[in-house]
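Engineer: Just passing along the structure, written as structure tokens.
The values are calculated or read from the model by the stated rules, or taken from the named source; none is laboratory data. Quick caveat, the model's predicted, so the values are computed rather than measured. Every residue, glycine as well, gets a Cβ built from its backbone with ideal geometry; the counts of neighbours run over all protein chains shown. Note: accessible area is taken over every heavy atom of the protein model, side chains too, but ligands, DNA and RNA are not part of it. Shrake-Rupley method; radii C 1.70, N 1.55, O 1.52, S 1.80 Å.
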Amino acid sequence: MKKQFLLLAMAGMVSLSSWAQDVVLENAKFHAGDDASWAGVNVDESSWRDIKNSATWTSQGVKIENGFGWYRYHVNILKSMLEKSDLKETVDFVLGGVDDADETYLNGQLIGKTGRFPSDEKGYASQWSTKRNYRVKANSSLIKWDADNVLAVRVYNAGDPGGMFEGPIRVRVPNTIDNLSINISEGTDGKGVVQSFSTLKSTMQASKSGVFSVKVVDPETGETLGEKSMKVSVNEKKGKTIAVPYDNHRMVRIVSTFTESKSGLSCTTQYIPKYILTPAAPAEPRFNTAPIYGVRPGSPVHFRFGVSGEKPMKFSAADLPAGLTLNPDNGALSGSIEKAGSYTFTVKARNAKGEQSQRFTIRCGSKIALTPPMGWNSWNCWGLSVTQDKVISSAKALIDKGLADYGYCYMNIDDGWEAKERNADGTIAVNEKFPSMKDLGDWLHSEGLKFGIYSSPGDLTCGGYLGSIDHELQDAESYNSWGIDYLKYDWCGYGRKHRTEPDNQTVASYVRPYLLMERCLRQQPRDIFYSLCQYGMADVWKWGEAVDANSWRTTGDITDTWASLYHIGFELQPELYPYAKPGHWNDPDMLIVGKVGWSNNLRDSRLTPDEQYTHISLWTLLASNMLIGCDIAQMDEFTVALLCNNEVNAVNQDILGKQAKRDVEDGSIQVWSRPLSDGSYAVGIFNVGGTDARVDFKKYFPQLGIKSLKSVRDLWRQQDLSTSDVSYFIPTHGVKYLKVTF
Ligand code: GLA
């Protein structure tokens, strides 16, 4: 029997290959320090401690900074491995990453080295993430078959943590097929037709031939929708790529297999390409945003009507409240209203294809953020490398790619804008990356967009920049003078002060810095959305509203993996629904779709397409802040469609403002629902398990209080579905997102 291993090669891609039998090493004997004789066979290990190679030595209680440690393994190299391999050429010692540099010895002889030690001629170099695969010729006298061999790994670590961490070590005699790999990507051909590209590569000198086939498969029915197959021959210099088109408006899998002729062995890689569910918007004007907006009396109004459709478009309103003007070209509303009250009027949008109007209400009173904020924040893409130009380029793309037509309006600068020191008068200064906050704010407002910024109640922000401590009022005044509409106020450096406070066990001690800034913000003659960021400490959702916060982060930082999304979304949010309401929202952190990277180096989100549908569906159900975390200038068609589905976003922006509750947890199936202002319910049926599933929605009717269904609509596809056949295919980590009435 051949062993099969599952390798998760990258987001959406799974490789399956038939490996030769291998020996697995998880535990070693370990000694701190450095002694050349430890490479040898006969070493007294009685004083050596046990250690695992799956976690750093630091995490196992060993503290070696800027020093050496040795791992020794005893391994019986089985002759049967040799017999089972069709190649019989090498014995491979696969170590994975080692923090930071290593030399590896077999029975006293050096068989491989990665990274450099400080004593090396060129000096120290870390290669902690490089995967090590050390090869010894199978006919080498170094190998003792069916007997004890000693594998000794000398590791140098600089800083903290250190050691082997990617265990287990695998010792194997590879087959031909183990030296071949298939990588799948997506793109377009010269004519713009969507294609999958499957590339077969070999690490062997000798050419190997066989059949390389690529299939486009419907995961629900198993049906093959497209296929290409050919005889190929590859070696280390010559790979082979097969391009196969597919329909990127439906869920498919690309399954690529190579079967080597001589051995009959094969390797397979599966890939889930991005697929677009949101139908294209009509060419006629269509209003996509909530018909309501909250502003305080006398505060400047900055609002842009979100209307999709062919451009140019003209906006008009006959009965605007006194004090407001509407820009006819971009739909930006500006001015201010002096008197509290509810003002309803009709706005019209017209283009070459038609005209549409919407009744719209401005509630002028004490509340803002009547629906969750939508916009962008610089952190998940640019991290501390954010610049004014990068903000402008994302803002322009927000407009050009149509995201502003769906209500995305906040353009928020996260950490990294502050100067090293305050001005002589104590006011906050910006660093060289931000030539003029005032100009930036004015320009954003002229487009009907809003302007956000970031600070900390402590001395320093999380990124080590200046915080607002002892300068709260001055900072709030600066924000006002720049035209700031949103402040993210991040605990970070305040932790140091908090630790020294005598009452730091009390909720009051957590509330204090946030209340202080709230008072300073409220003294400004403008509305500033107040976003608390303290990762959910002291059950912030219970007192966020009391400090008049408009939202509060409920968790630590999100990252673009399923583990992070699952933990934050499905494990930490279920109990928080009672706390969300118009003006005050739970914030499970920013979106992780599109190109992210927390630095100058951006990459595609590591979430699969289905995980991204789950992410947006859950965040809209949760009435969460919808802050895009990627570079909008580089946003692809898939991500635009994901973020600009008017029916999906309408759930997030529903004016009832009720956050979803988890009604069902049935193994890997979860059902979340929230009531909407039109009497219907938004329902997300999630498959959080590792395999595709078929779900009979009827089974959960009792938990949802459904006696008989009146209507079912697929929100992503914007299609009405049958009320009697409610059985759905839901891919692994995917969702069926419905709007139902009953
Ligand atoms: C914290 C926050 C992040 C981001 C960074 C900036 O980690 O939780 O969202 O603002 O600080 O340094």
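Engineer: Cα convex hull of region 22-172: how many Å³ per residue?
Structural biologist: About 105 Å³ per residue, rounded to a whole number.
Engineer: Report the Cys residues of the chain lacking a disulfide-compatible partner, meaning no second Cys Cβ under 4.7 Å from their Cβ.
Structural biologist: Cys267, Cys364, Cys381, Cys409, Cys520, Cys533, Cys630, Cys644
Engineer: Just round it to a whole percent: the fraction of Cα-Cα distances in region 150-258 exceeding 21 Å.
Structural biologist: 54
Engineer: Return the long-range amide H neighbours of Phe529 (sequence gap of 5 or more, or a different chain), with a cut-off of under 5 Å between placed amide H atoms.
Structural biologist: Answer set, sorted by chain and number: Tyr486, Leu487.
Engineer: A follow-up question, please. Before I look further, what does region 22-172 give for accessible area per residue, probe 1.4 Å, in whole square angstrom?
Structural biologist: Here the per-residue accessible area is 46 Å².
Engineer: Ignoring ligands, DNA and RNA, what percent of the accessible area of region 247-304 is carbon or sulfur (1.4 Å)?
Structural biologist: Of the solvent-accessible surface of region 247-304, carbon and sulfur hold 53 percent.
Engineer: Can you give the Kirkwood hydrodynamic radius of region 374-659 from its Cα pairs, in Å with one decimal?
Structural biologist: 19.0
Engineer: Which order do the peptides 316-327, 197-208 take when ranked by the mean count of other beta-carbon atoms within 10 Å per residue, highest first?
Structural biologist: Packing order, densest peptide first, comes out as 197-208, 316-327.
Engineer: Leaving ligands, DNA and RNA out of it, report the carbon-plus-sulfur percent of the accessible area of region 374-659 at a 1.4 Å probe.
Structural biologist: Looking at region 374-659 in its full context, I get 52 percent from C and S.
Engineer: Hey, another quick one. Where the centroid of each part is defined by its Cα atoms, how far is region 512-578 from region 191-220 in Å?
Structural biologist: Region 512-578 and region 191-220 have Cα centres spaced 47 Å from each other.
Engineer: Ser54's amide H: which non-local residues (gap 5+, or another chain) put their own amide H closer than 5 Å, with H modeled 1.01 Å from N in plane and none for Pro or chain starts?
Structural biologist: Gly167
Engineer: Go through Lys88/Lys131; Lys420/Lys497; Lys238/Lys396 and tell me which ones have a Cα-Cα distance over 32 Å in this structure.
Structural biologist: Checking Cα-Cα distances, Lys238/Lys396 exceed 32 Å.
Engineer: A follow-up question, please. Can you order the peptides 121-132, 235-246 by their average number of other Cβ atoms within 10 Å per residue, highest first?
Structural biologist: Output ranking for 121-132, 235-246: 235-246, 121-132.
Engineer: Considering only protein heavy atoms and a 1.4 Å probe, what is the carbon-and-sulfur percentage of the accessible area of region 662-741?
Structural biologist: 45
Engineer: Please give me the summed charge of the neighbours of Ser213: other residues whose Cβ is under 11 Å from its Cβ, Lys and Arg +1, Asp and Glu -1.
Structural biologist: Around Ser213, the surrounding residues sum to +2.
Engineer: If you average the sequence gap of Cα pairs under 8 Å that are 6 or more apart and divide by the length of the chain, what percent do you get for the contact order?
Structural biologist: Worked out over the chain, it gives 9 percent.
Engineer: Quick one: which of 150-163, 623-636, 39-52 comes out on top by average Cβ neighbours within 10 Å, and what's the full order, highest first?
Structural biologist: Highest to lowest by the protection proxy: 623-636, 150-163, 39-52.
Engineer: On to the next question. Where in region 386-449 are there trypsin sites (Lys or Arg not before Pro) that are in a DSSP coil and have at most 13 other Cβ atoms within 10 angstrom of their Cβ?
Structural biologist: For trypsin sites (Lys or Arg not before Pro) across region 386-449 that sit outside H, G, I, E and B with at most 13 neighbouring Cβ atoms in 10 Å, the list reads Lys420.
Engineer: Quick one: which residues, 5 or more positions from Leu627 or on another chain, have an amide H under 5 Å from its amide H? H modelled 1.01 Å from N in the peptide plane, none for Pro or chain starts.
Structural biologist: When sequence neighbours closer than 5 places are left aside, the close amide H contacts are Gly375, Leu591.
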